[in-house]
1. Among the listed residues Phe57, Phe24, Phe8, identify the single one that is surrounded by 15 or more Cβ atoms within 10 Å (Cβ to Cβ) and under 24 Å from Val109 (Cα atoms).
2. Quick check on my filter: what residues within the range 133-157 are under 18 Å from the mean Cα position of the chain (by Cα) and polar (S, T, N, Q)?
3. Within the range 136-150, is there a residue that is aromatic (Phe, Trp, Tyr), closer than 20 Å to Asp13 by Cβ and part of a strand (DSSP E or B)?
4. Got a number for residues in the range 125-157 being closer than 14 Å to Ser17 by Cβ and of a type in the set (S, T, N, Q)?
5. Given the condition open to solvent by 90 Å² or more (accessible area, probe 1.4 Å), hydroxyl-bearing (Ser, Thr, Tyr) and over 27 Å from Ile182 (Cβ atoms), answer yes or no: does some residue in the range 85-96 qualify?
6. Within the range 151-170, can you find the residues that are open to solvent by less than 50 Å² (accessible area, probe 1.4 Å), under 9 Å from Tyr15 (Cα atoms) and either charged (D, E, K, R) or not in a loop (DSSP other than H, G, I, E, B) (or both)?
7. Where residues in the range 115-129 are small (Gly, Ala, Ser) and either over 22 Å from Pro166 (Cα atoms) or at pLDDT 95 or above (or both), which of them is nearest to the chain's Cα centre (by Cα)?
8. For Arg160, work out the one condition from (1) over 25 Å from Gly20 (Cβ atoms); (2) under 15 Å from the mean Cα position of the chain (by Cα); (3) charged (D, E, K, R) it doesn't fulfil.
Amino acid sequence: MSELLIDFITSLDGYASGEGWPGFWGLEGPEYLAWLGEQPEATYLMGANTYRLMSGFAAGKVPSGQDEFRPEEEASVDELTQASKVVFSSSLEAPLRWANSTLVRDDAVETVRAMKSSGSGLLSTIGSLSLSRSLLRAGLVDRFRVVMFPVITGATGEERIYDGYPDVALEMIEHRTFDGRIQLVEYKPRVLEHPPLAVPA
């Protein structure tokens, strides 16, 4: 059975990106980049907006506010190009141009449920806030991982991650600090029907 990971990188105040900021908010370091390079092979799940953004990067479109890609951004996009990707969309047209991308028009929750039960290895979201929220709400997520960068983007932040989420209890299974400033937290999530009656001692 496959394992499903929701994987976000965020500012401290829970934004997925910020207008005018470079990738990784310009704050990635050698420890963090080395850790990224050690991650296991995964099939990446995404929606149409993330596909358009990331496939544009793969085709050479530079993020706004930058004149060119930095080497670590190029490496990240190249690795994603080589990976298997499943794109959930009713608006995109097949065949998708980005290498190793499969378009799925069926319901994402039911499709991922079937992928989990019939497959093996790791499934991981990338970006795709509404898709991630739907998969979490459906109880399909095995691990919820957030890497927080040491910046608050109150004025320029875009894509608030947790708006519209259900209440979720989180059991920590890993934490780590990279380069003395970047914080990873990883949890096993459990969606709650209502707040707990008592706080655990």
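The values are calculated or read from the model by the stated rules, or taken from the named source; none is laboratory data. Model, not experiment: these values are computed from the prediction. Glycine gets a Cβ as well: all are built from the backbone with ideal geometry, and neighbour counts include every protein chain shown. Keep in mind that these areas ignore ligands, DNA and RNA; they rest on the heavy atoms of the full protein, side chains included. Shrake-Rupley method; radii C 1.70, N 1.55, O 1.52, S 1.80 Å.
1. Details: Phe57 fails: under 24 Å from Val109 (Cα atoms); Phe24 fails: under 24 Å from Val109 (Cα atoms).
None of the other options fit; the residue is Phe8.
2. Ser134
3. Restricting attention to the range 136-150, the residues satisfying the condition of being aromatic (Phe, Trp, Tyr) are 144, 149.
This time we only want the ones that are closer than 20 Å to Asp13 by Cβ, so: 144, 149.
Next cut, part of a strand (DSSP E or B) only: 144, 149.
Within the range 136-150, one or more residues are aromatic (Phe, Trp, Tyr), closer than 20 Å to Asp13 by Cβ and part of a strand (DSSP E or B).
4. 3
5. Keep residues of the range 85-96 that are open to solvent by 90 Å² or more (accessible area, probe 1.4 Å), which gives 90, 93, 95.
Within this subset, residues satisfying the condition of being hydroxyl-bearing (Ser, Thr, Tyr) are 90.
Cutting the leftovers down to over 27 Å from Ile182 (Cβ atoms) gives us 90.
Checking the range 85-96: at least one residue is open to solvent by 90 Å² or more (accessible area, probe 1.4 Å), hydroxyl-bearing (Ser, Thr, Tyr) and over 27 Å from Ile182 (Cβ atoms).
6. Gly157
7. At the first step, the residues of the range 115-129 found to be small (Gly, Ala, Ser) are 117-121, 124, 127-128.
Now drop any that are not either over 22 Å from Pro166 (Cα atoms) or at pLDDT 95 or above (or both), which leaves 117-121, 124.
On the way: Ser117: 21, Ser118: 23, Gly119: 20, Ser120: 20, Gly121: 17, Ser124: 7 Å.
Filtering first and then ranking leaves Ser124.
8. (1)
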